[in-house]
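Engineer: Submitted below is the structure of interest, expressed as structure tokens.
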Amino acid sequence: MPVSQSLVQARLAPHVRACRLGDQMIFLDLDRSRYIGVGGPHVPALSAAILGTQTAADASNPVAVDELLVRLQRRQLLSDAPVAEPPRHTSAPIEPIDGLNSDDERPFVDRQRRHLVRLWRATFVAATWLRWRSLAGIAERVTALRGCHSEQDDGSPTDAMRAAAACYAHLRPFALTTHDRRLHDHLTLIHFLATQGHFPQWIIGVRSHPFGAHSWVQSGSVVLNDLPERVRRFQPLLVV
């Protein structure tokens, strides 16, 4: 069955990211910091048109698909405007296969203490981002931290980055509590590392059945603040 013309023209809005998870499509509206799920028999057709994924021929009703597209456009998730360049914050990370053992990378205690002020500042900055900015704004601030630095994230973390991440893990109890939001913790780590010239990737991933979202920090194939086997359960949706 041929795909309708409007389906061919469907594009994600610049502030939206999406992925397909089986029989669902998950949209992340960065401006509103909100997730939207779409399920049903039309998901393969939507994924093929919006994400460019390959799909076998399906029995989707073009009229029903068009109606769904109109609803998505009304919610400002889709745009008919031509895409001049790929959306930012979409590059795929390397599959996480290893984690950081902070005990193996433990710096000397006297070196840790001089980083406390840097950690407290990073905690304050991350809290300010979460209070006053959307996910879109936070992604832009994380990107701005890198500035003109050209450090790549497609290889293993350097020894200096490992030591800095381990230092953060050991100092963290002096600045954050178990009641702090996980996202606050991860953004604090991002800022803490950036002040020392290290720029790993900040990733938000999603899963379905049941739906869940998770954030982590990764450099190359090494997860700096989580377990690889846990983050592999989530499909990356936002990569900064």
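Engineer: Mind listing the long-range amide H neighbours of VAL223? Cut-off is under 5 Å, sequence gap 5 or more, other chains count too, H placed in the peptide plane at 1.01 Å from N.
Structural biologist: Long-range HN contacts for VAL223: ILE97, ASP98, GLY99, LEU100.
Engineer: Of the heavy-atom accessible surface of segment 124-240 (probe 1.4 angstrom), what whole percent is carbon and sulfur? Can you show the working numbers first?
Structural biologist: Numbers: 2710 of 5270 Å².
Carbon-and-sulfur percentage of accessible area, whole number: 51.
Engineer: Farthest toward the dipole's positive end in segment 115-240, which of ALA127, PRO228, THR195, given Cβ charges of +1 (Lys, Arg) and -1 (Asp, Glu) about the Cα centre?
Structural biologist: ALA127
Engineer: OK, next. Return the distance in nm (one decimal) between the two label points of a simple spin-label model at ARG71 and ALA160, each offset 7 Å from Cα along Cα→Cβ.
Structural biologist: 5.2
Engineer: Ordering SER219, SER134, SER33 by accessible area with a probe of 1.4 Å, largest first, what comes out? Please list the in-between numbers first.
Structural biologist: Values: SER219 5, SER134 35, SER33 55 Å².
If we order SER219, SER134, SER33 from most to least accessible, we get SER33, SER134, SER219.
Engineer: Residue by residue, what Karplus-based ³J(HN,Hα) values in Hz, rounded to whole numbers, does segment 210-226 have, using 6.51, -1.76 and 1.60 with θ = phi - 60° and x for Gly and Pro?
Structural biologist: x, 5, x, 10, 8, 10, 7, 10, 9, 10, x, 9, 9, 7, 8, 9, 7
Engineer: Sticking with this one: Could you sort ARG75, ARG20 by accessible area so the largest value comes first, with the probe set to 1.4 Å? Don't jump to the answer; show the numbers that get you there.
Structural biologist: Details: ARG75 125, ARG20 80 Å².
Sorted by accessible area, descending: ARG75, ARG20.
The values are calculated or read from the model by the stated rules, or taken from the named source; none is laboratory data. Since this is a predicted model, take the numbers as computed values, not measurements. When we count neighbours, we look across all protein chains shown, and the Cβ atoms used for this are built from the backbone with ideal geometry, even at glycine. Ligands, DNA and RNA are stripped out before the accessible areas are found, and what is left, the full protein with its side chains, is counted by its heavy atoms. Shrake-Rupley method; radii C 1.70, N 1.55, O 1.52, S 1.80 Å.
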